[in-house]
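The structure appears below as structure tokens.
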Amino acid sequence: MQRSITLLGSTGSIGTQTLDVCRAQDFPVAGLAAHSNEALLEAQAREFSPRQVCICREDLWKSMKTRLADTPVRVVCGMEGLCETAALPEAELLVNAVVGMVGLRPTLAAIEAGKDIALANKETLVTGGALVMRAAREKGVRILPVDSEHSAIFQCLQGYSGNRLNKILLTASGGPFFGKTRAELQNVTAEQALRHPNWSMGAKITVDSATLMNKGFECIEAVWLFDCAPEQVEVVVHRESIIHSMVEFADYAVIAQMGVPDMKIPIQYALTYPERKPCPTGRLDLFSVGQLTFARPDMETFPCLKTALEAIRMGGLYPTLVNSANEELVALFLQGKIPFLQIGDTVSQMLSLPVSGALTLDSILEAERQAREAVHAICGV
Ligand code: NDP
Ligand code: MG
């Protein structure tokens with residue numbers, strides 16, 4: 001019997017690919033959630049017959065209910081509905097693929113309800129890593145990484161428990177602007193930033209890949225998932241995106257995980273773990289890849305990476321300030337209201353905001369508010 005899942009962010013890039021895997025592997029789906037894409041959510045509900053769907057935008061609840069009136073599917077909305085869907089009793093595993101730190105509360109709700117978590121939503125760990133990992137330990141649930149780099153590290157670590165890990169070599173494609181100077185980045189448009197060389201992803205993470213903020217967040221994600229120090233995570237630019245990350249052990253043996261750049265492989269591994277099954281994707285042909293290259297990241301041209309690393313070293317609420325400011329700045333950039341370089345320049349200013357006190361859900365949400373407000377004050381929009 002397959003374990004049934006609940007999928008948050010079902011209409012997005014990771015969400016639709018998760019459903020491709022569910023279709024291929026006959027996984028039962030107990031719950032689905034999206035923000036505003038009613039038509040696709042309706043089609044998914046009709047195909048997968050979940051017990052419940054959540055449309056996060058409360059103003060769309062009535063029309064979503066009307067769309068599914070001839071089905072037994074229950075329709076809920078808002079943050080309360082999202083958390084309730086995350087904790088549905090029928091599901092054994094939550095796949096969290098919403099974008100942004102809005103994913104934190106449903107992750108905590110699912111852990112509280114004893115579900116394993118397949119986590120794509122990295123903002124959950126960037127902002128609430130300490131809370132999430134502690135709650136998962138207390139409840140004895142697994143956090144299974146979906147992000148390709150973290151899935152790779154997780155795969156490299158299978159069977160090595162107790163052995164000393166020297167460091168994690170986290171690979172980065174470098175994004176669409178690799179090799180560019182600051183002057184060349186002055187006038188880049190959202191359209192250019194959205195053209196990623198190797199991966200097809202949602203808009204926010206694609207911009208984060210162009211600024212290298214995504215890689216900074218992935219370093220923070222690795223610190224929480226693999227319980228290591230920030231200094232143990234090294235970013236390696238690898239343009240081909242064939243090696244998805246590596247680990248180096250005490251004896252300097254380095255283990256790498258490779259494959260075609262297709263998120264269905266890490267998604268499926270999180271769903272079928274520890275089993276492996278044929279995946280609905282292409283196979284790696286090393287002869288057509290030819291060669292693999294490696295380079296150091298340029299932290300001066302891409303200050304977001306440096307800022308994220310500094311934030312995790314400072315700890316506490318600093319990663320939340322950086323994450324929330326970044327969410328706000330990326331939205332402004334996509335709306336054409338600020339230039340590309342303003343993202344990195346403004347995000348670094350979050351490190352000098354005064355925040356202190358215990359890390360709790362409330363203090364995280366308060367830091368989020370503070371960062372979003374600071375961004376608007378700095379950018380004057
Ligand atoms: P998309 O933008 O493609 O999809 C986002 C999903 O979240 C959609 O279903 C969207 O609903 C929903 N959503 C958006 N805003 C909210 C909100 N406020 N409340 C609830 N749901 C919301 O993003 P991706 O699939 O690319 O990324 C999802 C997560 O996975 C991100 O955290 C990203 O960093 C991570 N990730 C993504 C990878 C990828 O290849 N795409 C790779 C590794 C990690 P709607 O469609 O209705 O707006
Ligand atoms: Mg990644």
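The values are calculated or read from the model by the stated rules, or taken from the named source; none is laboratory data. Values in this document were obtained by computation on a predicted structure and should not be read as measured data. Cβ: placed from backbone, ideal geometry, glycine included. Neighbour counts: every protein chain shown. Accessible surface areas use protein heavy atoms only, side chains included; no ligands, DNA or RNA. Shrake-Rupley method; radii C 1.70, N 1.55, O 1.52, S 1.80 Å.
Scanning the stretch 120-131 for residues that are within 11 Å of ligand 1 (Cβ to nearest atom) and assigned to a helix (DSSP H, G or I) gives Lys122, Glu123, Thr124, Leu125, Val126. Checked against (1) over 21 Å from Met213 (Cα atoms); (2) touching a residue at least 24 places away in the same chain (Cβ under 8 Å); (3) polar (S, T, N, Q), Thr181 passes all but condition (1).
The residue list Ile111, Ile117 contains one member that is in contact (Cβ under 8 Å) with a residue 12 or more places away in the chain, in a helix (DSSP H, G or I) and more than 10 Å from ligand 1 (Cβ to nearest atom), which is Ile111.
Conditions tested, residue by residue: (1) open to solvent by less than 30 Å² (accessible area, probe 1.4 Å); (2) part of a strand (DSSP E or B).
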{"position": "Ala152", "(1), (2)": "yes, no"}
{"position": "Tyr160", "(1), (2)": "no, no"}
{"position": "Asn163", "(1), (2)": "no, no"}
{"position": "Lys167", "(1), (2)": "no, yes"}
{"position": "Phe178", "(1), (2)": "no, no"}
{"position": "Ala183", "(1), (2)": "no, no"}
{"position": "Asn187", "(1), (2)": "no, no"}
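Of the residues making up the stretch 210-235, those that are over 25 Å from Ala136 (Cα atoms) and either buried (at least 17 other Cβ atoms within 10 Å of the Cβ) or of a type in the set (Ser, Thr, Tyr) (or both) are Ala210, Thr211, Leu212, Met213, Val235.
Scanning the stretch 278-297 for residues that are open to solvent by less than 70 Å² (accessible area, probe 1.4 Å) and either in contact with a strand residue (DSSP E or B) (Cβ under 8 Å, 6 or more places away or on another chain) or touching a residue at least 24 places away in the same chain (Cβ under 8 Å) (or both) yields Cys279, Pro280, Leu284, Val289, Leu292, Thr293, Ala295, Pro297. Looking at (1) surrounded by 24 or more Cβ atoms within 10 Å (Cβ to Cβ); (2) more than 14 Å from ligand 2 (Cβ to nearest atom); (3) at positive phi, which is the one condition that is false for Gly140? So the condition that Gly140 fails would be (1).
Are any of the residues in the stretch 20-32 more than 16 Å from ligand 2 (Cβ to nearest atom), within 12 Å of Leu271 (Cα to Cα), open to solvent by less than 50 Å² (accessible area, probe 1.4 Å) and among the polar types (S, T, N, Q)? Within the stretch 20-32, one or more residues are more than 16 Å from ligand 2 (Cβ to nearest atom), within 12 Å of Leu271 (Cα to Cα), open to solvent by less than 50 Å² (accessible area, probe 1.4 Å) and among the polar types (S, T, N, Q).
For the stretch 2-20, the tally of residues that are under 16 Å from Ile117 (Cβ atoms) and more than 8 Å from ligand 1 (Cβ to nearest atom) stands at 6.
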